[in-house]
Every structure is written in C-alpha cells, then in structure tokens.
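S.K.: Input: one structure, supplied below.
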Amino acid sequence: MNGTIFDSLREQVRGQVITPGDADYDAARAVHNGMIDKRPAAVVRVSQVADVIASVNFARDNSLDLAVRGGGHSAPGFGTWDDALVIDFVNTRGVRVDPANRTARSEAGATWADFNHATHAFGLATPGGIVGTTGVAGLTLGGGIGYLARKYGLSCDNLISADVVTADGKFLTASESENDDLFWALRGGGGNFGVVTSLEYRLHPVDMVYVGIVVYPLEHAETVSRFYRDHLASAPEELGAFLAFALGPPVPFLPEEWHGKPVCIVVGMWTGDQTEGAACWQPFLDVAPVAGSMMGPMPYPALNQAFDALQPKGILSYWKADFMTDLTDAAIGEHIRYGATIPTVQTAVHLYPIDGAVQRVGTTETAFANRDVKFAPVIAAFWDNPADNDARVSWVREYAEALRPHSAPGGYINFMDRDDLPRVAENYGPNYTRLRGIKAKYDPQNLFHVNQNISPG
C-alpha cells in the first residue's frame with residue numbers, strides 16, 4: 001500500500017507513523033516470535049490516547065486490518081499483520097503506583113518487568129506472568145497465570161478498571177460501576193473488544209520471596225511429578241510453583257554434566273514468612289535425588305525475570321496448550337516420554353497450578369471460564385535455526401496430541417498459537433455466547449479480529 005495515504009494520519013497523531021521504505025520499518029514490524037514475518041502497511045508508535053483514537057478511526061474508515069501491540073509477546077504474532085495498521089505502544093510504558101490505596105495504573109506498553117520494578121519500590125505486586133518481557137496488557141486480557149495465582153488469583157482477577165478505545169473511536173472506562181459488561185469481557189476475553197490504553201490493578205504486599213529451583217534427573221520424574229501434584233493440593237497458597245520438563249540449563253548451581261540433559265524441574269517461591277522458606281522447600285529436596293538446586297530469598301522482580309535471557313526477542317517459537325482437571329499418572333507418563341526428546345535448552349514445558357484463589361472466582365464472574373481445572377500446561381518450543389521449523393512444530397503438535405486424552409476441554413488463550421482459532425468457542429465454554437453478544441455491541445463489524453477472535457453474535 002502506498003505510504004502517502006498515511007500522510008493524513010501523520011497530521012493527526014503526535015507519535016511516529018512508520019511505513020515501508022522508512023529506515024526503521026523492519027525493526028518496527030518485528031515482534032518477539034521470530035517465526036512471524038508480517039509486512040504491515042504502517043506502524044503507529046502512539047504517544048497518547050489521542051493517537052489511538054485517530055488510528056482506530058483511520059483503520060476503520062480506510063477498511064484496513066488493525067493489529068494492536070503491547071509487549072509484542074503474542075505467540076501467534078498478533079501484534080503485527082500483513083497490510084494492516086499496527087498500533088504499537090512501545091513508547092507508552094509508564095506505571096504509576098498509589099501505595100496508600102495499594103493500586104497501580106499501567107500504560108498498555110508496559111512489560112511485567114516495568115510493572116514489577118515500579119511496584120517493588122513500595123513492597124507491592126499483583127499477579128503477573130513468568131517472563132519479565134511479557135506485556136502487562138496482553139497477559140491480563142487473556143487471564144494472567146503466574147507465581148502469585150494460588151494466593152491472589154489471576155491478573156484479570158486483580159484488574160480494577162481499564163481505559164478502552166472502542167471500534168467507533170469512543171473512549172470508555174470499564175469497571176464494576178462503568179460499562180460493566182465490557183469490564184466482564186476484558187477479564188479473559190483478549191483484545192476482541194477495543195484497544196486498552198491503560199489498566200488499573202489491585203496490589204498486594206509482596207517484597208522478598210523465598211525462591212526454590214530444584215532440578216532432578218528425568219529418571220526420577222514420575223516420583224517428583226506425583227509428589228508435586230499431591231503436595232501442592234494441600235500446600236499453603238503462599239507456595240506458588242510450577243513443574244517443568246526441560247534440558248538442563250547452563251546455570252551455576254547445576255553441575256555441567258547435567259547441562260543439555262533431560263531433566264524435571266520444580267520452580268517457584270514462598271511468599272509467607274521468610275523464616276519458613278527453607279522448611280517449605282525441604283520436601284522437594286527430600287523426595288528424590290537432586291541434580292542441582294538453588295534456594296534462598298530473592299526480590300520478587302528478580303524471579304520474574306530469571307528466565308528472560310533464554311527467550312530473547314527474535315527467537316523462533318511455537319506453542320500449544322490445554323487445561324487439566326488433574327495431573328493423572330497417565331499424563332505424567334506422556335510428559336516423561338516426550339520430556340526425553342525435548343529439542344532445545346530454551347524449550348519450555350511447564351505445568352502451572354491454577355487452584356486456590358483462582359477457583360474462588362465463579363465460572364461466569366469473568367470471561368475467563370476455566371475455574372474448575374487445576375493445571376494449565378504449556379508446550380512451547382523455542383529454537384534458533386529456521387531449518388528446524390518443521391521438526392519443532394511437529395514435535396509440539398505430537399506432544400500436545402498425546403496429552404489431549406488426559407486434558408479438559410479448552411486451553412489458555414495466552415498459550416494458543418496461530419492455528420488454534422477453531423478452539424476459541426471451546427476455550428470460553430459457557431461464557432462464549434455472552435462474549436459474542438458483547439462483541440456485537442462494541443465491535444459489530446469485527447474491526448478487532450487480529451487475535452484469538454470472538455465473532456460478533
């Protein structure tokens with residue numbers, strides 16, 4: 001598309017409008033997943049809400065596809081699109097903390113590293129993700145599973161309000177008292193209903209946490225996995241930990257003989273009394289022989305960013321996910337079988353617990369309906385060489401298919417890839433019909449369709 005048609009948009013925004021031929025076009029169109037190679041018609045690096053309104057109106061009036069990018073971490077690369085107008089929040093990453101009321105307002109371009117840095121200064125946090133480079137907005141709109149979920153719920157459960165630009169260019173605030181139907185839909189419904197420009201969160205006292213990372217030889221994975229499942233069911237909610245299958249990472253606390261070898265790992269943190277941290281983690285040291293471990297107090301933001309270096313921007317990736325009502329012995333067997341074939345040290349096979357506070361929210365209280373499952377597994381292959389694309393994608397698909405008989409319907413939309421669109425209705429279960437109705441109210445022409453799309457009812 002001829003870049004000159006965007007001259008009128010340039011006159012309406014304070015941010016930068018980047019089109020093909022501009023020196024920074026290739027950098028502007030890139031997202032985190034190196035598998036994605038889209039060529040948008042223009043990227044608008046917005047500077048304020050007025051730019052967002054102008055961009056939404058421009059895309060709608062010119063019949064352009066519209067993509068929205070917060071942190072750019074979307075597995076399917078929905079933060080860019082061929083021949084589309086991309087709204088990019090890379091320059092709007094501010095976080096304002098109100099320590100007296102224990103709230104924080106984040107701009108849409110902030111990452112969880114940005115957010116946690118701001119709130120940690122006051123000894124506060126809200127449930128976020130596992131990787132610091134993940135965008136705050138995208139994670140929250142899809143639900144938001146992380147270390148603090150058992151204690152404080154999902155990210156979306158801690159959302160107080162959101163500012164939104166809808167398809168007709170209107171600016172709305174969504175909360176329990178304003179546009180409450182939109183607020184309901186935003187909490188798990190993804191980017192289907194408008195462009196979220198800022199989000200207000202409830203904060204909790206989280207400062208230093210007692211971290212545990214325990215690595216076991218894969219031959220003990222059955223014992224470890226069963227223990228993890230059974231122990232977590234009765235453990236205090238202050239313990240947030242996930243089970244992983246991986247290749248031994250090149251970290252100082254793991255002997256070199258285990259680097260690149262198939263292992264089973266438990267990673268997490270204790271947010272209770274720090275003097276109880278060592279005792280909390282001791283059972284994980286006792287259950288089976290340990291290849292390596294690291295334990296001790298750590299600032300919460302440091303744990304949230306501990307694995308960022310394994311997944312730099314531009315790395316190739318492909319994802320699959322399901323929910324599990326329980327971690328059955330049969331499912332453990334499949335994890336062990338495929339765990340022996342994990343292709344790269346960056347590849348992440350994680351099983352996140354979503355019990356505790358997550359299950360104290362009703363199925364229909366938010367758009368995130370999956371409140372009766374205990375685990376959200378993800379199979380995310382990461383690799384560097386494009387020649388391996390077909391083999392890595394096939395490995396993920398085969399692994400996911402092997403787990404399907406042991407899984408509940410649906411999966412976490414933040415872990416879904418670009419070929420998972422047929423599962424959208426299944427993912428939302430009993431909430432899908434209501435979501436379609438709200439979509440029809442706020443976006444009847446489906447302007448916001450570059451996502452795990454909910455079609456208007």
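Conditions tested, residue by residue: (1) touching a helix residue (DSSP H, G or I) at 6+ places or on another chain (Cβ under 6 Å); (2) surrounded by fewer than 21 Cβ atoms within 10 Å (Cβ to Cβ).
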{"position": "ILE315", "(1), (2)": "no, yes"}
{"position": "MET324", "(1), (2)": "no, yes"}
{"position": "ILE332", "(1), (2)": "yes, no"}
{"position": "HIS335", "(1), (2)": "no, no"}
{"position": "TYR352", "(1), (2)": "no, no"}
{"position": "ARG371", "(1), (2)": "yes, yes"}
{"position": "PRO377", "(1), (2)": "no, no"}
{"position": "PRO386", "(1), (2)": "no, yes"}
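S.K.: Select, from LEU203, LEU232, LEU199, the only residue that is under 24 Å from ARG434 (Cβ atoms) and among the aliphatic types (A, V, I, L, M). Full working, then the answer.
M.R.: Values: LEU203 fails: under 24 Å from ARG434 (Cβ atoms); LEU232 fails: under 24 Å from ARG434 (Cβ atoms).
The match here is LEU199.
S.K.: Return yes when PHE89 is among the aromatic types (Phe, Trp, Tyr) and surrounded by fewer than 24 Cβ atoms within 10 Å (Cβ to Cβ) and no when it is not. First the steps, then the outcome.
M.R.: Working: among the aromatic types (Phe, Trp, Tyr): yes; surrounded by fewer than 24 Cβ atoms within 10 Å (Cβ to Cβ): no.
No, not satisfied.
S.K.: Keeping to region 235-266, report how many residues are in a loop (DSSP other than H, G, I, E, B) and under 24 Å from the mean Cα position of the chain (by Cα). Spell out the reasoning first.
M.R.: Taking region 235-266 as the starting set, the residues that turn out to be in a loop (DSSP other than H, G, I, E, B) are 235-238, 248-255, 259-261.
If we keep only those that are under 24 Å from the mean Cα position of the chain (by Cα) as well, we get 237-238, 248-249.
Selection size over region 235-266: 4.
S.K.: Considering only residues that are closer than 15 Å to PHE171 by Cα and out of contact with any helix residue (DSSP H, G or I) (no Cβ under 8 Å at 6 or more places or on another chain), look in region 48-82 and name the one that is surrounded by the most Cβ atoms within 10 Å (Cβ to Cβ).
M.R.: Within region 48-82, the match that is surrounded by the most Cβ atoms within 10 Å (Cβ to Cβ) is VAL52.
S.K.: Ok, one more. Please go through region 78-120 and give me each residue that is in a strand (DSSP E or B) and more than 22 Å from GLN12 (Cα to Cα), ordered by number. Please lay out each step first, then the result.
M.R.: From region 78-120, those in a strand (DSSP E or B) are 85-88, 95-98, 103-107, 111; that's our starting set.
Selection gives VAL95, ARG96, VAL97, ASP98, THR103, ALA104, ARG105, SER106, THR111.
S.K.: Residues that are among the charged types (D, E, K, R) and over 25 Å from the mean Cα position of the chain (by Cα): does region 344-358 have at least one?
M.R.: Just the residues of region 344-358 that are among the charged types (D, E, K, R), to begin with: 355.
Pick out the ones that are also over 25 Å from the mean Cα position of the chain (by Cα) and you get none.
Checked region 344-358: no residue is among the charged types (D, E, K, R) and over 25 Å from the mean Cα position of the chain (by Cα).
S.K.: Hey, can you tell me all the residues within region 314-346 that are in contact with a strand residue (DSSP E or B) (Cβ under 8 Å, 6 or more places away or on another chain), of a type outside the set (A, V, I, L, M) and either under 15 Å from PRO377 (Cα atoms) or assigned to a strand (DSSP E or B) (or both)?
M.R.: Within region 314-346, SER317, TYR318, TRP319, LYS320, ASP322, PHE323, THR325, ASP326, HIS335, TYR338, GLY339 meet the criteria.
S.K.: Taking only pairs six or more apart or across chains, which ones have beta-carbon atoms under 7 Å, a first residue in region 293-321 that is over 29 Å from GLU398 (Cα atoms) and touching a residue at least 60 places away in the same chain (Cβ under 8 Å), and a second residue that is crowded, with 16+ Cβ neighbours inside 10 Å and of a type in the set (S, T, N, Q)?
M.R.: Every condition considered, the pairs that remain are TYR300/ASN116; PRO301/ASN116; ASN304/ASN116.
S.K.: Among the candidates MET298, MET269, which residue alone is under 25 Å from ASP157 (Cα atoms), assigned to a strand (DSSP E or B) and among the hydrophobic types (A, V, I, L, M, F, W, C)?
M.R.: Working: MET298 fails: under 25 Å from ASP157 (Cα atoms).
Within the list MET298, MET269, the selection yields MET269.
S.K.: For SER394, all conditions in the list (1) buried (at least 22 other Cβ atoms within 10 Å of the Cβ); (2) without any contact (Cβ under 8 Å) to a residue 60 or more places away in the chain; (3) not basic (Lys, Arg) hold save one; what is the number of the exception?
M.R.: (1)
S.K.: Tell me whether region 362-374 contains one or more residues that are touching a Lys or Arg at 6+ places or on another chain (Cβ under 6 Å), in the same structural domain as GLY260 (by TED's automatic domain parsing) and closer than 13 Å to TRP319 by Cα.
M.R.: Checking region 362-374: not a single residue is touching a Lys or Arg at 6+ places or on another chain (Cβ under 6 Å), in the same structural domain as GLY260 (by TED's automatic domain parsing) and closer than 13 Å to TRP319 by Cα.
S.K.: Please state which one of ALA279, ALA288, ALA306 is aliphatic (A, V, I, L, M), outside the structural domain of HIS73 (by TED's automatic domain parsing), under 18 Å from LEU148 (Cα atoms) and surrounded by fewer than 22 Cβ atoms within 10 Å (Cβ to Cβ).
M.R.: Details: ALA279 fails: under 18 Å from LEU148 (Cα atoms); ALA288 fails: under 18 Å from LEU148 (Cα atoms).
Residue meeting the stated conditions: ALA306.
S.K.: Another question, if that's okay. Considering only region 96-114, state which residues are of a type in the set (Lys, Arg) and under 19 Å from the mean Cα position of the chain (by Cα).
M.R.: Within region 96-114, the first condition is being of a type in the set (Lys, Arg), and the residues that meet it are 96, 102, 105.
Once the filter is applied, which keeps residues that are of a type in the set (Lys, Arg) and under 19 Å from the mean Cα position of the chain (by Cα), region 96-114 yields only ARG105.
S.K.: Name the single residue that is modelled with the lowest pLDDT among those in region 1-49 being more than 31 Å from the chain's Cα centre (by Cα) and hydroxyl-bearing (Ser, Thr, Tyr).
M.R.: Step by step, filter region 1-49, then rank; the result is THR4.
S.K.: On to the next question. If a residue counts only when it is within 23 Å of GLN445 (Cα to Cα) and in contact (Cβ under 8 Å) with a residue 12 or more places away in the chain, which strands (runs of 3 or more DSSP E) contained entirely in region 1-77 have at least 3 such residues? Let's see the steps before the verdict.
M.R.: Values: elements: 16-18, 42-45, 66-69.
Here the list reads 42-45, 66-69.
S.K.: Further, regarding this structure: Quick check on this structure: which one of VAL136, VAL131 is within 23 Å of MET208 (Cα to Cα), surrounded by fewer than 24 Cβ atoms within 10 Å (Cβ to Cβ) and assigned by TED's automatic domain parsing to the domain that holds SER198?
M.R.: VAL131
S.K.: Another question about this same structure. Can you find, within region 154-193, the residue that is surrounded by the fewest Cβ atoms within 10 Å (Cβ to Cβ) among those that are among the acidic types (Asp, Glu) and under 17 Å from TYR428 (Cβ atoms)? Before you say what the answer is, go through the steps one by one.
M.R.: In the first step, residues of region 154-193 are kept if they are among the acidic types (Asp, Glu); the result is 157, 163, 168, 176, 178, 180-181.
Now narrow it down to the ones that are under 17 Å from TYR428 (Cβ atoms): 157, 181.
Details: ASP157: 23, ASP181: 14.
Within region 154-193, the match that is surrounded by the fewest Cβ atoms within 10 Å (Cβ to Cβ) is ASP181.
S.K.: For region 232-248, how many residues are closer than 28 Å to THR347 by Cα and either touching a Phe, Trp or Tyr at 6+ places or on another chain (Cβ under 8 Å) or of a type in the set (Ser, Thr, Tyr) (or both)?
M.R.: 8
S.K.: Looking at region 100-121 only, could you name the residues that are free of Cβ contacts under 8 Å to residues at least 60 places away in the same chain and surrounded by fewer than 23 Cβ atoms within 10 Å (Cβ to Cβ)?
M.R.: Of everything in region 100-121, those that are free of Cβ contacts under 8 Å to residues at least 60 places away in the same chain and surrounded by fewer than 23 Cβ atoms within 10 Å (Cβ to Cβ) turn out to be ALA100, ASN101, ASP114, ALA118, ALA121.
S.K.: For GLY94, are the conditions met, namely being surrounded by 24 or more Cβ atoms within 10 Å (Cβ to Cβ) and either small (Gly, Ala, Ser) or not assigned by TED's automatic domain parsing to the domain that holds VAL56 (or both)?
M.R.: Working: surrounded by 24 or more Cβ atoms within 10 Å (Cβ to Cβ): no; either small (Gly, Ala, Ser) or not assigned by TED's automatic domain parsing to the domain that holds VAL56 (or both): yes.
So GLY94 fails the test.
The values are calculated or read from the model by the stated rules, or taken from the named source; none is laboratory data. It should be emphasised that the depicted structure is a prediction, and the values quoted were computed from it without experimental measurement. Every residue, glycine as well, gets a Cβ built from its backbone with ideal geometry; the counts of neighbours run over all protein chains shown.
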